[in-house]
1. Over the chain, what is the relative contact order in whole percent, taking alpha-carbon pairs under 8 Å and six or more residues apart?
2. Would you please name the trypsin sites (Lys or Arg not before Pro) within region 96-166 that are DSSP coil residues with at most 14 other C-beta atoms within 10 Å of their C-beta?
3. Using the count of nearby Cβ atoms within 10 Å as a rough guide to exposure, how do His54, His6, His138 rank from fewest to most?
4. Setting aside same-chain residues fewer than 8 positions from Lys2, which lysines have a Cα under 27 Å from its Cα?
5. List the trypsin sites (Lys or Arg not before Pro) within region 38-75 that DSSP assigns to loop and that have no more than 15 neighbouring Cβ atoms inside 10 Å.
6. Using a Förster radius of 35 Å, what is the FRET efficiency between Arg124 and Ala66 based on their Cβ-Cβ separation? Nearest 0.05, please.
7. If neighbour count is taken as other Cβ atoms inside 10 Å, put Asp96, Asp101 in order from fewest to most.
8. Could I have the simple spin-label model distance between Arg159 and Asp96, label points 7 Å from Cα toward Cβ, reported in nm to one decimal?
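Laboratory data are not the source of any read-out in this text; all were calculated from the coordinates shown. Everything numeric here is computed off the predicted structure, so don't read it as measured data. Cβ coordinates were reconstructed from backbone atoms using ideal geometry, including for glycine residues, and neighbour counts include every protein chain displayed.
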Amino acid sequence: MKTTVHIGLLRAVNLAGLNRIGMADLRALLAALGMQDVRSLLQSGNVVFRSDVHKTAQLERVLEQAVATRLGLETEFFVRTAGDWKTVIAGNPFPDEARRDPGHLLLVCLKEAPAREDVTALQRAITGREVVRANGRHAYIVYPDGVGRSRLTSALIERKLATRGTARNWNTVLKLAAIAEASGASQA
């Protein structure tokens, strides 16, 4: 059976000692669930794997339930195929920022595509120099002054967009793409 390369992102793990999960434990869990060539990146819950399950929503439910029951962690997974990830990268509305300052450009993967009026409400709520664009289940945010002191917090983003999300900086987005590309090549 043909497998698909997927990228999975856990929401809010290993932040300030909260929602602790070891990447070795996460890789072992995915392997036990039948995922193949499981690789992790950093300690923030980024995994790349191959699966014969092609529907990302189905994978999200399976992985969320498994992490809760087997590892005791209530959190959310955001799963995209390697093809989806390429589209996300190609659709980046901030190519100059991606080249010049990728650490201050964030991709936010969302559970649901926000309504246009919700995106507009988020843009109006910005009090600093941040810039937000959204496309489908993804938002791109430039934090020219850094994320740490910004008032454009994940709580505000989720409240205005009326959906949950998890963010990664552009450096991480590109590293995950490279791992996914290598994983896809390994099955050829």
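1. Result for the chain is 24 percent.
2. Sites meeting the loop and neighbour criteria: Arg129, Arg149, Arg151.
3. Lowest count first: His54, His138, His6.
4. Cross-link targets: Lys55, Lys86, Lys111, Lys175.
5. Loop-located and lightly packed - Lys55.
6. That pair, Arg124 with Ala66, gives E of 0.35.
7. Asp96, Asp101
8. Taking the simple label geometry, Arg159 and Asp96 are separated by 3.2 nm.
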